[in-house]
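What follows is a set of notes on a single structure, which appears directly below.
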């Protein structure tokens, strides 16, 4: 072979080489294109579950302290020294309405009361005296009126006689003077009656003041005795004989034993939850003691301010009266609030819940429902009710009987077409 021929065999001409490469690439492109397009158009398979609504009840436990719903403070109304203490009340603490608890020294108050009573008796006698004066003035007025009538008649007759010239002016002057004296006497009698009536009114006013002084002395005397205002139990009652107290000083506190409540803190999530699971005024709860005894209670008050850090809100639970007397003040108890889950609540595997950190188009606590007519995904926000290790209880509105994706090999996107299959 010639060198030229050998060279032609090892290095073919450039146009021939380019044509061969182009033909090979085209053949590979046409052979791979159907497979790639088919893989892209195939919907991803997802595992689904048919939602079936269920009604369940969960219980949350909170802790609180027992206090008296109605508690009053007993204070001394006046100052003084203790001369008597009820040992029964001091020992048993349970008292009845009107029961005497403490007596203070009442010697001065007794003297003030007797003085007021004596003054009142004096004022009573003064009124009687003024009434007698009024009777005398009234009788004198009647006498002066009779005398005035006689003198008036005599004056009229003498006036007629003088007109006829039968008597002289001197006799007429005498009659006129007697007539004027009778009128003056009648007027003085009327004034005496008015003065007597005014004196009676002043005496009656003084008597009313005396009555007020007596009532004040009686009240002061009564304030020296401390009594129980109602049937109840005493707290902090520890007086001693001979102790001198000041006005307004607290003697004890008293509360009604069958009216007790519990101060407890609830989570805001339980107070702002839906109607089926939220707590509100009037909701029924269970109070459990440390010995596992239980009492029913009702929420009667919820505060309007939440704790800034813990997001708990203080509330008051009124305990049923038959059970309340057995509870101790400041006793720590457990308050159990039951939550009835409505028929919009479903139990799903944790894999069905897509949080904001799961990637894709999933939002916070989102699930994907399947539109069975089009096979496309519909993203729905789910309210988390309770979480467990394998399953989560969620609330999804208007989802009963629909398909929900519980597992998928790929990331799910809103509106994506998927191939559904029931769990095996």
Given the range 182-287, what strands (runs of 3 or more DSSP E) lie entirely inside it while holding 3 or more residues that are over 30 Å from residue 139 (Cα atoms), over 23 Å from the mean Cα position of the chain (by Cα) and modelled with pLDDT of 90 or more? 225-227, 232-235, 250-255
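For the condition outside any helix (DSSP H, G or I) and at pLDDT below 90, what is the one hit in 167, 175?
From the options 167, 175, the qualifying one is 167.
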Across the range 397-424, what is the number of residues that are touching a residue at least 40 places away in the same chain (Cβ under 8 Å), in a loop (DSSP other than H, G, I, E, B) and in contact with a strand residue (DSSP E or B) (Cβ under 6 Å, 6 or more places away or on another chain)? 7
If we ask which residues in the range 369-382 are without any contact (Cβ under 8 Å) to a residue 60 or more places away in the chain, surrounded by 18 or more Cβ atoms within 10 Å (Cβ to Cβ) and under 15 Å from residue 419 (Cβ atoms), their number turns out to be 1
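May I ask you to list the residues in the range 297-327 that are part of a strand (DSSP E or B) and free of Cβ contacts under 8 Å to residues at least 24 places away in the same chain?
Going through the range 297-327, the residues part of a strand (DSSP E or B) turn out to be 297-306, 312-319.
Selection gives 298, 299, 301, 303, 304, 305.
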Any residue at all in the range 94-102 that is farther than 30 Å from residue 213 by Cβ, touching a residue at least 40 places away in the same chain (Cβ under 8 Å) and in a strand (DSSP E or B)? yes
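The values are calculated or read from the model by the stated rules, or taken from the named source; none is laboratory data. The shown structure was predicted, so the numbers you read here are calculated from the model rather than taken from an experiment. So basically every Cβ, Gly included, is an ideal-geometry build from the backbone, and we count neighbours across all protein chains shown.
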